[in-house]
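This report refers to the structure that appears directly beneath it.
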Amino acid sequence: MVLISVCGKTNCGKTTFFSAATRVDAEISNRVFTTIKPNKGVGYVTSPCVCKELGVECNPVNSKCVNGIRLIPVKIIDIAGLVPGAHKGRGLGNQFLSDIMEANALIHVIDASGGTDEEGNPVTPGTHEPMEDVLFLEKEIDYWILGILQKSWGELFRKAASGDAKLDDLIYKQLSGLGIRHEDIMHALSTVPVTEKSTEDEKLKFIEILRKRGKPMIVAANKIDVPQAEENVSKMKETDIMFVPCSAESELALRKAQEEGDINYVPGEGKFEMIRDDLDVKKKQALQFIQNVLDKYGSTGVQQVLNKAAFDLLSMIVVYPVQNENKYTSGKGNVLPDAYLVPRGTTAKELAGIIHTDFAEKFIAAVDAKTRQRISADHELKHNDVIRIMLRK
């Protein structure tokens, strides 16, 4: 299952974002280091279900389908807040940076209102520059990776020069446990060639490429419900940073109101329906305030961030394995039972291995359930493909 990390400074709203996305109750406060041990939960990315295209009613097993929208689970981890100097071990830095490396993608929650200083302390909105926080997190990660490589930088190159091993293999081994792929290292080496005598700046350029490939990041520009955020969001639109304006507090309030039966709300939508007339004045005023935020920005942004992390950052597609290509069912008769998030470019045989490790060895061929055509092991799957895997008995 895809693992997404929610990270950022204390008081930027990352734990509120986590709670809104997963509905896992986590302690939320304005104290520094409220989050010490990572909070873990399951959220969902959403995609139009193939059931409408096929004209069938599905019976999901590993996911959900709501009004033709498939909700596919992803793991989400909310890790300790970051402070300057984390790569040197300041604050909970070592734990933070170790936890962050477990993830496939990062959601960096920042206070878009400029109401949190670099140490994570509340300040008057508009007095801190949010863009500094974006660069700050990237810098901390880069310097932490540099610290890991720096210890044996010369040795890595001497071994490669002697022919004992290839440089990319040596770096891959050195960074084992960080979730960085071998192909990411190959790409970084070809983009920014480094040598034993490379300067720190040259090493950091190499690491920056490596980080962007190995730990892609999207920014959740949080607290758009605070007036001062509007100007900062406008500034961010002029950069090449991938970001989504967010109000995690609004999303959390809407999901709680839905669970309490006060409203009908589909996460990601720009409106909700009041279904109770007896709400007290404060609740009505709070919901009206949130609707004003939705009217202005189109949504709370929380669901959009998760979707972009999966489909844009990680280039995932959704595929539906079935056992009966004529009825689109599993062996138990469930229609379109499972929806899998897989990387774009995944082949039919690779899908078999994702479903079960033994399936790759027993793979014979696959069938495209939409066309009924047999496809080969190296056939690259497309978004919303419905696939039957044929196995050797």
Whole-number D in µm² s⁻¹ for the stretch 119-276, Kirkwood Cα-pair radius fed into Stokes-Einstein, 4 °C, 1.567 mPa s: 68 µm²/s
Between residue 332 and residue 295, what is the label-to-label distance in nm when each label sits 7 Å out along the Cα-to-Cβ direction? 4.7 nm
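For the cross-link pairs 14/349; 52/215; 215/271; 212/349; 52/284, which exceed 31 Å when the distance is taken from alpha carbon to alpha carbon? Mind showing how you got there, number by number?
Details: 14/349 38 Å; 52/215 34 Å; 215/271 33 Å; 212/349 28 Å; 52/284 36 Å.
Long pairs (Cα-Cα over 31 Å): 14/349; 52/215; 215/271; 52/284.
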Across the stretch 132-143, in residue order, what do the Karplus-derived ³J(HN,Hα) couplings come to in whole Hz, using 6.51 cos²θ - 1.76 cosθ + 1.60 with θ = phi - 60° and x for Gly and Pro? 5, 5, 4, 5, 4, 5, 4, 5, 4, 5, 4, 5
Amide H partners (placed H, <5 Å) of residue 363, local residues excluded: 392
Descending semi-axes in Å of the stretch 316-391, equivalent ellipsoid built from Cα gyration tensor: 16, 14, 12
With +1 on the Cβ of every Lys and Arg and -1 on the Cβ of every Asp and Glu, and nothing else charged, how large is the dipole of the stretch 80-232 about its Cα centre, in debye rounded to the nearest 20? 840 debye
What list of ³J(HN,Hα) values in whole Hz, one per residue of the stretch 293-303 in order, does the Karplus curve 6.51 cos²θ - 1.76 cosθ + 1.60 (θ = phi - 60°) give from phi, with Gly and Pro shown as x? 5, 4, 4, 7, 10, x, 5, 6, x, 4, 5
Amide H neighbours of residue 6 at under 5 Å, excluding residues fewer than 5 places away on the same chain, with H built from the backbone geometry, are 77, 78, 79, 107
Placing unit charges on C-beta atoms (Lys and Arg positive, Asp and Glu negative, everything else neutral), compute the dipole magnitude of the chain about its Cα centre in debye, rounded to 20. 1320 debye
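Taking the number of other C-beta atoms within 10 Å as the exposure measure, put 242, 101 in order starting with the fewest. The partial results should precede the final answer.
Details: 242 14, 101 19.
Ranked by crowding around the Cβ, least crowded first: 242, 101.
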Using a Gaussian network model of the chain whose springs link C-alpha atoms within less than 10 Å, name the residue from 371, 329, 195 with the highest mean-square fluctuation. 371
Can you give the convex hull volume per residue for the Cα atoms of the stretch 251-353, as a whole number of Å³? 149 Å³
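Using Cα pairs under 8 angstrom and six or more residues apart, how large is the relative contact order of the stretch 316-391, in percent? Please list the in-between numbers first.
Details: 166 pairs, mean separation 29.4, N = 76.
Computed over the stretch 316-391, the figure is 39 percent.
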Per-residue ³J(HN,Hα) for the stretch 337-342, Karplus 6.51 cos²θ - 1.76 cosθ + 1.60, θ = phi - 60°, Hz, x for Gly and Pro: x, 10, 10, 10, 8, 10
Calculate, in nm to one decimal, what residue 176 and residue 64 gain on full extension: separation in residues at 0.36 nm each, minus their alpha carbon distance. 36.8 nm
Taking every Cα atom in the chain, find the radius of gyration and the maximum pairwise distance Dmax, and write them in Å. 23.2, 78
Normalised contact order of the chain, rounded percent, pairs of Cα under 8 Å and 6 or more residues apart: 16 percent
Relative to the compact globular guide of 2.2 N^0.38 Å, what is the alpha carbon radius of gyration of the stretch 270-329, as a ratio? 1.84
Antiparallel versus total DSSP beta bridges in the chain: what percent is that, nearest 5? 60 percent
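Determine the alpha carbon to alpha carbon distance for each of 173/382; 139/256; 223/308 and list only those over 30 Å.
The pairs that break the limit, which is 30 Å between Cα atoms, are 173/382; 139/256.
We did not get these values from a lab; they are worked out from the coordinates using the rules stated. Everything quoted here is computed from the prediction, not taken from an experiment. Using ideal geometry, Cβ is built from the backbone for each residue, glycine included, and neighbour counts are taken over all protein chains shown.
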